[in-house]
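Have a look at the structure below before the remarks.
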Amino acid sequence: MSLWDLTQILRRWGWLIPVLSIVTALSAFVYSRLQTPVYRAVATIAVQPARPDFGQSQAAKTLLSSYVQIMSSAYGGGDLHQPSASRVIQALQLDMTPEQLRRSAIFSADERSLLIELEIRSYDLEVAQRIARTWAELFIEWRRTENQTLRQEDQIDALLVDQPVASRFRPQTTFNVAAGALMGLVLG
């Protein structure tokens, strides 16, 4: 096929490329608008040892993963004071099961900075913020209770770094439209 034949094909069918790009971008836009928005709220908790020595810092790092496990439990393992999903539901009087709430929560621990991050996803922005804040506050309260049985120098405190930050998680309309337009270019 010669260059001349290729230009003839492009002249005749070249209009199809931008049309497909526009159609797929519009489809992605409509799809994004039809989705129910999901919001996320993130609470960050700092875990601070009472002494800044190496041993106490290592103990705090070791305990971080167990703190995440304790926080992520649905029922608190029988301990009524543990920060569990059922306690959050009880405190906020939510209409859901602990398992449902647990599925909407993502916990992570950063051993380098001694931070626990709690992410809640919900269809309601304010509910996501309230859940994240309450769950973090219950954990902090639990740490204070646990610290009462320890000597002052052996205590490990927990502090809420800032109020939970909430934002729209999905749909990401701009990204979807750009991906749709790119897909249209590829198809064209």
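Values quoted throughout were computed directly from the atomic coordinates according to the rules given, and no laboratory measurement underlies them. Computed from a prediction, not measured in an experiment: that's the story for all the values here. Quick reminder, even Gly has a Cβ in these numbers, built from the backbone with ideal geometry, and neighbours come from all protein chains shown.
Structure notes:
- Short-range pairs are left out: with C-alpha atoms under 8 Å and at least six residues apart, the relative contact order of the chain is 40 percent.
- Paramagnetic reach from Val186 in region 2-24 [backbone N under 20 Å; point 7 Å along Cα→Cβ]: 16-24
- Comparing mean-square fluctuations of Ile120, Ile140, Ile22 from a GNM of the chain with C-alpha springs under 10 Å, the top value falls on Ile22.
- Between Phe139, Ser167, Ala91, the Cα set farthest toward the positive side of the dipole of region 38-169 (charges on each charged residue's Cβ, about the Cα centre) is that of Ser167.
- Label-point separation, Gln93 to Ser167 (7 Å along Cα→Cβ), nm: 3.3 nm
- Centre separation in Å (Cα based) which lies between region 31-46 and region 140-158: 33 Å
- Using the Cβ-Cβ distance between Gln148 and Ala46 with R0 = 22 Å, the FRET efficiency computed as 1/(1 + (r/R0)^6) comes to roughly 0.65.
- A Gaussian network model of the chain, with springs between Cα atoms under 10 Å, assigns the largest mean-square fluctuation among Val23, Val127, Val161 to Val23.
- In nm, spacing of pseudo-spin labels at Phe175 and Ser2 (7 Å Cα→C-beta vector): 4.9 nm
- Taken over region 61-188, the convex hull of the Cα atoms encloses 150 Å³ per residue.
- Using only side-chain charges placed at the Cβ, +1 for Lys and Arg and -1 for Asp and Glu, the dipole size of the chain relative to its Cα centre rounds to 760 debye.
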